[in-house]
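Asks: The structure that follows is given in the form of structure tokens.
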Amino acid sequence: MRSVYMDNNATTALKKEALDAMMPYYTDIYGNASSKFYKIGRDAEQALYKMRESVAKNIGAANANEVYFTGSGCEADNWAIKGAAFANQKKGNHIITSKIEHHAVLNTCEYLEKHGFEVTYLDVDENGFVNPKSVEEAITDKTILVSVMTANNEIGTIEPIKEIADIARAHKVIFHTDAVQAIGHMPINVRELGVDMLSLSAHKFHGPKGVGALYIRNGVRVDNLVHGGGQERGKRAATENLAGIAGMDKALEIAVKNLDRNMKHCEKMRDRLIDGIRKSIPYCRLNGPENNGRMCNNVNFSFQYVEGESILMMLDMNGVAASSGSACASGSLDPSHVLMAIGLPHEIAHGSLRLSVGEETTEADVDYVIDVLPSIIQRLRDMSPLYEGVER
Ligand SMILES: *Cc1c(COP(=O)(O)O)cnc(C)c1O
């Protein structure tokens, strides 16, 4: 049986070059980057510095010391939001975010609400776009932080980050963006965007799992999340994960170098998939923007009269790996908060399927999915009492 991986928004395959870049730090260069009194420690420290410089360059940061390595995208989001909130609470207690953020942002904001902060969760339109005007309208003299994601992980909406960053800056409010889905899949330059903080995670762009980074523009006040030793210039304790960082650095370098080519390829695969599904399956709805403002790798459909989970099971039996809503939401019975926020009724949100392509996705993979999916949907609809009425 064919095996087709279409869940690149959940995680991506580690690149061979990234793995090769990691290996020396598991074998020869095992020194602690904080141990400066012997060579193997200094070797680690120098390697770390070089990797920080190159990650900074690849996201457009002015200085290497604006890049702080973390243990994940979730950690970077938690740090940015809790860190900015607690460091600036004398100025105010109000935070603005959107209803379609990743749970790393939403659950952090909910936690802060239990600790004296007030959070505005902005509505989005039917395609998932945050209106920059709504950000401006929500800002009060108590607002200390705005956090809006660069690209949505479920429906692929690319938010107007530059406009929102401009508004935040005009009001002297810190602006953070979760760019975990965007980095390596669209051009990102922190200076051109004008963001104060940006989160990224290696495993979403063919790097290893368990390593990420937070860009913090020099001058932005952020408290520590992880307390302990003086690593990461005193801001994030823990012995640096050199192998992970090396893998992330290499994966990012390759992603940035091949960005145009990979984006074009993914867009082609995405559109072939969208067209094929629309042509072969009735009563379906594309969730997220049509093409302008949509991530190159994301496809998300709702199929009326079927359950997303059942589609996933039958796709799996056919060797296809996909997702319904987000990986975090699957396993729970609640429909995706993102699909609810774009105004889908419960029963349509439940029948959603996310197929996310990648640079390794081939036309044959896409055609295979277009080949097996219609009969899967038809079989599930044939079992549905709701569909019976429609048929007649
Ligand atoms: C995957 C993801 C995260 C979490 O990153 P981890 O490294 O898995 O913790 C955060 N935000 C978005 C938008 C994501 O897609």
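Asks: Answer rounded, prolate or oblate for the range 96-143, using the Cα gyration tensor with square roots of eigenvalues a ≥ b ≥ c: rounded when a/c is under 1.5, else prolate when a/b is larger than b/c, else oblate.
Replies: oblate
Asks: Here's something else I'd like to know. Rolling a 1.4 angstrom probe over the protein chains, ignoring ligands and nucleic acids, what is the accessible area of LYS39 in square angstrom, nearest 10?
Replies: The accessible area comes out at roughly 130 Å².
Asks: For the chain, with the dipole built from +1 on Lys and Arg beta-carbon atoms and -1 on Asp and Glu ones, taken about the Cα centre, which of ASN127, ASN298, VAL256 lies farthest toward the positive end?
Replies: The one lying farthest along the dipole's positive direction is VAL256.
Asks: Further question on the same structure: Accessible surface of VAL190 in the full protein assembly, 1.4 angstrom probe, to the nearest 10 Å²?
Replies: 0 Å²
Asks: Before anything else, pin down the relative contact order of the chain: Cα pairs under 8 Å, at least 6 apart, normalised by residue count, whole percent.
Replies: 22 percent
Asks: Please turn the phi angles of the range 128-144 into ³J(HN,Hα) values with the Karplus equation 6.51 cos²θ - 1.76 cosθ + 1.60 (θ = phi - 60°), one per residue in order, whole Hz, x for glycine and proline.
Replies: x, 7, 7, 7, x, 4, 5, 5, 4, 5, 7, 5, 10, 6, 9, 6, 10
Asks: Which whole-Hz couplings ³J(HN,Hα) result when phi for each residue of the range 294-303 is put into the Karplus expression 6.51 cos²θ - 1.76 cosθ + 1.60, θ = phi - 60°, listed in order with x for Gly and Pro?
Replies: Each residue of the range 294-303 in turn: 10, 4, 4, 10, 10, 10, 9, 10, 10, 10 Hz.
Asks: State the Cα centre-to-centre distance between the range 355-369 and the range 183-235 in whole Å.
Replies: Cα centroid of the range 355-369 versus Cα centroid of the range 183-235: 30 Å apart.
Asks: Once the Cα gyration tensor of the range 53-122 is diagonalised, what are the square roots of 5 times its eigenvalues, in whole Å and ordered largest first, as equivalent ellipsoid semi-axes?
Replies: 25, 14, 11
Asks: Between TYR111 and LYS99, what is the label-point separation in nm under the 7 Å Cα-to-beta-carbon projection?
Replies: It is 2.5 nm.
Asks: Rounded to the nearest 0.05, what FRET efficiency do THR362 and MET186 have when you use their Cβ-Cβ distance and R0 = 30 Å?
Replies: 0.85
Asks: Taking the Cα centre of the chain as origin, work out the dipole magnitude from +1 charges on Lys and Arg Cβ and -1 charges on Asp and Glu Cβ, in debye rounded to 20.
Replies: It works out to roughly 1180 debye.
Asks: Beyond a 31 Å Cα-Cα separation, which of these cross-linked pairs lie in this structure: LYS15/LYS268; LYS16/LYS279; LYS15/LYS133?
Replies: Result: LYS16/LYS279; LYS15/LYS133 exceed 31 Å.
Asks: If you fit an axis through the alpha-carbon atoms of helix 308-317 and take the longest principal axis of the Cα set of the chain, what angle between them do you get, 0 to 90°, nearest 10?
Replies: Orientation of helix 308-317: about 90 degrees from the principal axis.
Asks: For the range 283-392, report the convex hull volume of the alpha-carbon atoms normalised per residue, in Å³, without decimals.
Replies: So the per-residue Cα hull volume is 119 Å³.
Asks: For the pair MET317/SER280, report the inter-label distance in nm, with labels modelled 7 Å from Cα in the Cβ direction.
Replies: Result for the modelled spin labels: 1.7 nm.
Asks: Through the Karplus equation 6.51 cos²θ - 1.76 cosθ + 1.60, θ set to phi - 60°, convert the phi angles of the range 217-224 into ³J(HN,Hα) values in whole Hz; use x for Gly and Pro.
Replies: 4, 4, x, 7, 8, 9, 6, 5
Asks: I'd like the FRET efficiency for ASN224 and ARG261, computed as 1/(1 + (r/R0)^6) with the beta carbon distance as r and R0 of 45 Å, rounded to 0.05. Working shown, then result.
Replies: On the way: r = 40 Å, r/R0 = 0.89.
Working from the Cβ atoms, E equals 0.65.
Asks: Mind grabbing the accessible area of VAL180 for me, 1.4 Å probe, Å², rounded to tens?
Replies: Accessible surface of VAL180 is approximately 10 Å².
Asks: With the dipole of the chain worked out from charges on the C-beta (+1 for Lys and Arg, -1 for Asp and Glu) around the Cα centre, which of VAL366, THR177, PRO282 lies farthest toward the positive end?
Replies: Going by the charge dipole, the pick is THR177.
Asks: In the range 252-351, which GluC sites (Glu not before Pro) fall in coil by DSSP and have 15 or fewer other Cβ atoms within 10 Å? Before the final figure, lay out the partial values.
Replies: Values: sites: GLU253, GLU267, GLU290, GLU307, GLU309, GLU347; in loops: GLU290, GLU307.
Here the GluC sites (Glu not before Pro) that fit, given the DSSP loop and packing criteria, are GLU290.
Asks: Over the range 1-159, how many percent of alpha carbon pairs lie in each 5 Å bin up to the one with the longest distance?
Replies: 1, 7, 12, 14, 15, 14, 12, 10, 8, 5, 2, 0, 0
Asks: How compact is the chain by the rule of thumb for globular proteins, expressed as Cα Rg over 2.2 N^0.38 Å?
Replies: In units of the globular-protein estimate, the chain measures up at 1.02.
Asks: Also, quick follow-up: Which GluC sites (Glu not before Pro) in the range 51-138 pass both tests, a DSSP loop state and at most 15 other beta-carbon atoms within 10 Å?
Replies: Those that pass, being in a loop and sparsely packed, are GLU126.
Asks: Sticking with this structure for a sec: What's the carbon and sulfur percent of the chain's accessible surface, probe 1.4 angstrom, rounded to a whole number?
Replies: 51 percent
Asks: How would you classify the range 1-76 from its alpha-carbon gyration tensor, with a ≥ b ≥ c the square roots of the eigenvalues: rounded for a/c under 1.5, else prolate if a/b is greater than b/c, otherwise oblate?
Replies: In terms of gyration-tensor shape, oblate.
Asks: Hey, another quick one. How many angstrom separate the Cα center of the range 271-305 from the Cα center of the range 70-105?
Replies: The range 271-305 and the range 70-105 have Cα centres separated by 32 Å.
Asks: Ok, one more. According to a simple spin-label model (label point 7 Å from Cα along Cα-to-Cβ), what is the distance in nm between LYS39 and ASN291?
Replies: Here the answer is 5.8 nm between the modelled labels.
Asks: With r as the distance between the Cβ atoms of MET1 and LYS268 and R0 = 35 Å, compute the FRET efficiency 1/(1 + (r/R0)^6) and round to 0.05. Working shown, then result.
Replies: Details: r = 25 Å, r/R0 = 0.72.
FRET efficiency, LYS268 to MET1: 0.90.
Asks: Can you give the three extents of the C-alpha atoms in the range 152-271 along their principal axes, from longest to shortest, in whole Å?
Replies: 47, 40, 24
Asks: Now a separate question. Mind checking the range 43-108 for trypsin sites (Lys or Arg not before Pro) that DSSP puts in a loop (not H, G, I, E or B) and that have at most 14 other Cβ atoms within 10 Å?
Replies: Details: sites: LYS50, ARG52, LYS57, LYS82, LYS90, LYS91, LYS99; in loops: LYS90, LYS91, LYS99.
Those satisfying the criteria are LYS90.
Asks: Could you do me a favour and compute the accessible area per residue for the range 40-155, 1.4 Å probe, result in Å²?
Replies: Details: 4550 Å² over 116 residues.
With all protein chains present, the range 40-155 gives 39 Å² per residue.
Asks: Using a cut-off of 14 Å between beta-carbons, work out the net charge of the residues near LYS268 (Lys and Arg +1, Asp and Glu -1, LYS268 not included).
Replies: -4
Asks: Helix 73-87: angle to the longest alpha-carbon principal axis of the chain, degrees 0 to 90, nearest 10?
Replies: Approximately 60 degrees, to the nearest 10.
Asks: How tilted is helix 242-257 with respect to the longest principal axis of the chain? Cα atoms for both, answer in degrees (0 to 90, nearest 10).
Replies: So the helix axis and the longest Cα principal axis differ by about 60 degrees.
The values are calculated or read from the model by the stated rules, or taken from the named source; none is laboratory data. Computed from a predicted structure; not experimentally measured. Heads up, the Cβs are rebuilt from the backbone with ideal geometry, glycines too, and the neighbour counts pull from every protein chain shown. To get the accessible areas, we keep the full protein, side chains included, count just its heavy atoms, and leave off ligands, DNA and RNA. Shrake-Rupley method; radii C 1.70, N 1.55, O 1.52, S 1.80 Å.
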